[in-house]
Structures are given as structure tokens and as C-alpha cells.
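Derivation of every value follows stated rules applied to the coordinates shown; laboratory data play no part. Small disclaimer: the values here were computed from a predicted structure and weren't measured. For neighbour counting, all protein chains shown are included, and Cβ atoms are generated from backbone atoms with ideal geometry for every residue, glycine included.
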């Protein structure tokens, strides 16, 4: 029988875009000028955990997202160098809105290929450097750094709130928990830490300077105070959660990152570690149902709402609401008008591709349940709403449970049934990003319940 004696290593490598990469890039969210310089470095942080019978490598990436084809390419090229299954390499994007995505679009392909080459050079060293280790999990708590951005209105609409002062009035939940996995050398000296927290890193959007937003500054805070240690960030159920000070400054991202890092630094001293650290990895393929096809009456009503907005927007630049969606006041009226025109074009797009769209009934996805001692982490590709993460933790048989999104792909928002019915931006987000290849419509009303059942099944199996 395996004794589960742990060997581990953590390694940090710089993946900041070089000048030649920046020349080709746009902003991850469509900024007019794209990225122009690196304000603060981006990193990939590799965590190798090997219990003898099973090993897993978690690569925490300062990237906005990673596409499924890129993740598969990375896994296929990295796994042979160390002899573990490709599915045991997990590529987790932080979702920083001031970091580029890892994708093979023309704008990002050069940087993405360079990141792959960087990781291909780093992973043999990360694997060879694993050594006897100890690990243990705990939780910290931090209020006052994020808010639920979906504010219910008296008229049944849901407002997408960007201002944290207004967000503080929202009765809907956040998750103040910071999951912490401490990894020690056999001597007890800190080797590194994995951290799980739920909030959109959107302090800056459409900004010309590359940075990791609060996740990078959170890691940096811990690393500066724990000499020689590596701190890696894993994004939680942040689908409806915003970090404070959206649309502000890099300094604000540093501030919120330092508040979170300070709590992690405090918690580390309270966590006990053990060299006996069983590891199990369970990749599973699932499907989520997609919403029904819109009928012609739905399309006509959507067009009417867009037309009414466009008829008045030029004369009234304060107009923000269209078809139950409130656009940001932080962009110009001209930009909002362009956005509504794009939303109206969605109707023509649906009519043109109706046959192809109707044939796609489900959204296939992979989740990977990983047992790490008394911690179980469920890695998945969605932007899950915070209630899903809270409910998973409540129902999980594990002492510690993490929900880690943006892993090996990014398949968009996953709202609860109640929030799906309330409408607003997230349940309609596919109307902004149309993709015939996989997911032309949003997840259905019952998709979150299906996801939660799948997640619990996987957690129970991996912890048996």
C-alpha cells in the first residue's frame, strides 16, 4: 500500500509579454489602443505535488483566460517530459482583466507560443526539484475587498453595479473565505502556498498597461514576507463578484492584493502540516444543458428594445438601460451606442445560423476533482456564481473544499436558476460573444443544479 509520503516543488517563471508580443496585441476586452507596455510582471507559478502513486501539477497563470485548444496543446507537450498523464496538468487562469488571454487568435498567438516554450523549459526543472515535503490546509477571511455586482431593483430588473460603495448595499452574498494550502519543506520551512479566493480582477479594464491585477499583488505580498516561498493564486466562484475600486488605478489593485495577502500571511502560521498527504486526481467529462432557441417573437422584442435605445441615445447621453441590461457609465455614449448596435446584430446572427445553433443542445465540459490531503479542489472552466461555490462547500464531504474556475478553458458565466430568471448581463452574455463551434447560447436555467450535482459526484468519488 502506498504510504502517501509527499514530495513537492514550487517554481515561478516570468511570462510577461515582450515588446514584439505587445505589438500584435489588442486589449483583452477590446480597448481601442490595446496593450502597450508591462506595468507589473506576469508569472506562471508551477506547483508539483507527488504522493508516489499519483502526482498533479497546478500551473497558476497571470492570464485573462485560456482556450481549450491551447490548454490541450500545453498538456500534450508538457506531460511527456515528466511522464504523468496529460489530464493531471491543470492550467488555471487568474482572469486578470489587464492580462492577455492564452489563445491562438492572431493578436495573442505569438505570446501564447512563447509562454508554451517557457513552460516547456521550466517543467522538467520543476519536476526534478521535487523533494520531501509536508502540507496542510486552512482558511482565512477578508471582508471589505469585494462585492456582489448584481443588485436587485424594485422593478425586478438586476443592475450590474461597478461602484463598490453602491455594491455595499447589495443583500446578495459574497464569499469572504480565502482557501490556503501551506506546503513546507521536510524541515518545516515554508516552500510555498496555494490560495483560493473569489473576485473578478477588474480594477482596470481596456487599459494599455499589462498587470496581474490583485491576484499578482496578493502573491507578491506573501512572497516578499516569506523569503524563498512561492505564492500561487487560484480563482474561485467569482461570476457575480467584483473586486473593489473597478475602473480605478494600479495602486488600488496593489492595495486590495495586499489586504488579501496580509490575511494569508497571518493564517499560514496557524496551519499544521503533515508528510502523509494522499493525492487523487479524477478528470471527468460532463454536459450542461443550453437554453432554448429564441423564437421570432423573442428576436423582434429584442430588436425593438435596441431600436428604442438607439433612437434616443444620441440626444440623451445618460441613457444606460436596454433590454434589461445596464451599460457602464464609465465609457462614452458613442461606445454604448456601438455596443447596442452589436447587441441588435445578434438577432440577424441567430436568424442566419438558426439551423446550426439549433443542433447544439449541450455544453460539454471537463471538470477535474483533486484530493489533496483533507482538501478537495474541483477545477472547471466556468465563471460560476458565488452561491454555487458556497453551496458546494456546504454539501461537500471534505473538510476543505475549493471551487477553481477558468481551468483548461473558459466557457463563460454559470448563474444560479434564480439569477438566470432575473436576467441581466451574465445570463445573456453569449449575445456579446457568439461562438458557433461550441456554445452559441447561454447555459439553461437548470444548468447550475446539474453542475453542482456533477461536482458533488466527482468530489465523493475522488475522496472515497
- The alpha-carbon center of segment 166-207 and that of segment 132-149 are separated, in whole Å, by 5
- Note on the structure: Most packed first (mean Cβ within 10 Å per residue), the peptides 7-19, 52-64 order as 52-64, 7-19
- Task: Working from Cα positions, state the angle (0 to 90°, nearest 10) between the long axis of helix 386-395 and the longest principal axis of the chain.
- Result: 40
- By count of other Cβ within 10 Å, fewest leading, how are 432, 139 ordered? 432, 139
- Let me see the pair-distance distribution of segment 244-321: every alpha carbon pair, 5 Å bin width, integer percents in order. 3, 9, 8, 7, 7, 8, 11, 14, 10, 8, 7, 6, 3, 0
- Message: Please report the antiparallel percentage of DSSP beta bridges with both residues in the chain, rounded to the nearest 5.
- Response: 75
- Put one equal scatterer on each alpha carbon of segment 106-238, apply the Debye formula with no solvent term, and list log10 I(q)/I(0) at q = 0.13, 0.20, 0.21 1/Å to two decimals. -0.78, -1.26, -1.31
- Taking only DSSP H segments of four or more residues, each worth -39500 (n - 2.57), what value at 222 nm results for the chain once the sum is divided by all its residues, to the nearest 500 deg cm²/dmol? -10000 deg cm²/dmol
- Task: Determine, at each q value in 0.21, 0.28 (inverse angstroms), the log₁₀ of I(q)/I(0) that the Debye formula gives when each Cα of segment 296-352 is one equal point scatterer.
- Result: -0.74, -1.16
- Using label points projected 7 Å from each Cα along Cα→Cβ, tell me how many nm separate residue 341 and residue 113, to one decimal. 3.5
- Please quote Rg/Rh for segment 322-383 to two decimal places, taking the Kirkwood radius as Rh and restricting both calculations to Cα atoms. 1.22
- Task: Please report how far the C-alpha centroid of segment 336-359 lies from that of segment 34-81, rounded to the nearest whole angstrom.
- Result: 34
- Message: For a protection proxy built on the mean count of beta-carbon atoms within 10 angstrom, sort 185-195, 362-372 highest first, please.
- Response: 362-372, 185-195
- Message: Nearest 10 degrees is fine. How inclined is helix 109-128 to the longest principal axis of the chain, computing both from alpha carbons?
- Response: 20
- Note on the structure: the chain: relative contact order from alpha carbon pairs under 8 Å, six or more residues apart, as a whole percent, is 17
- Note on the structure: With segment 356-464 reduced to its Cα atoms and the Debye formula applied, log10 I(q)/I(0) at q = 0.18, 0.19, 0.21 1/Å amounts to -0.88, -0.96, -1.12
- Task: In whole angstrom, note down how far apart the Cα centers of segment 242-297 and segment 313-328 are.
- Result: 32
- Message: Report the per residue volume, in Å³, of the convex hull enclosing the C-alpha atoms of segment 1-133.
- Response: 99
- When the C-alpha atoms of the chain are aligned to their principal axes, what extent does each axis show, in angstrom, from largest down? 70, 42, 42
- Message: Is the C-alpha gyration tensor of segment 147-188 telling us rounded, prolate or oblate? Criteria: a/c under 1.5 is rounded; beyond that, a/b larger than b/c is prolate, otherwise oblate.
- Response: prolate
- Angle between the chain longest axis and helix 213-225 axis [Cα atoms, degrees, rounded to 10]: 20
- Task: Please list 402-412, 307-317, 105-115 highest first by mean number of surrounding beta-carbon atoms within 10 Å per residue.
- Result: 402-412, 105-115, 307-317
